[in-house]
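All remarks here apply to the structure that follows.
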Amino acid sequence: MKLQLNKIAVVLVLFSLFVGLSCVAAAEIDASQIGPNNNVIKMSAKYNAGTGYHWEVAPETHGVTLMTKKYVQDHLNTCGSSGTVYFSFLKQSEDAYVKINYISPSGEIVKSLDSDMLN
């Protein structure tokens with residue numbers, strides 16, 4: 001019985017290390033806009049949905065309509081796998097501005113990404 005508990009403890013420690021390393025990988029951010037004269041702004045950001053961290057559209061966003069938000073896991077059959085969230089916004093005005101925030105499980109903004117970074 002004690003041997004089984006030790007094995008379970010080892011598995012939990014290894015899983016915790018894996019999740020911790022996935023959080024480090026979540027710091028990589030990519031953003032891109034399709035075409036200079038296009039009315040669509042696309043942004044993407046890497047993260048691991050299993051950690052409780054997530055990306056949200058910030059209240060400062062204006063002049064756009066959110067068309068899609070989709071999370072794509074890197075490895076479909078791997079529990080705790082990292083992935084990428086893809087946002088697509090339709091511009092409603094020339095002064096369109098998009099900001100997304102990376103939110104911790106406690107609700108704190110960890111980092112931000114905005115459309116000004118695309119220019």
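Rule-based calculations on the coordinates, nothing more; no lab input. Everything numeric here is computed off the predicted structure, so don't read it as measured data. Reconstructed Cβ throughout: ideal geometry from the backbone, glycine too, with neighbour counts over all protein chains shown.
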Within the under-11-Å Cβ sphere about Ile109, not counting Ile109, Lys/Arg +1 and Asp/Glu -1 give a net charge of 0
Given labels modelled 7 Å from the Cα in the Cβ direction, how far is it in nm from Gln92 to Ala58?
1.9 nm
Residue separation between His75 and Ser112 times 0.36 nm, minus their alpha-carbon distance, gives in nm 10.8 nm
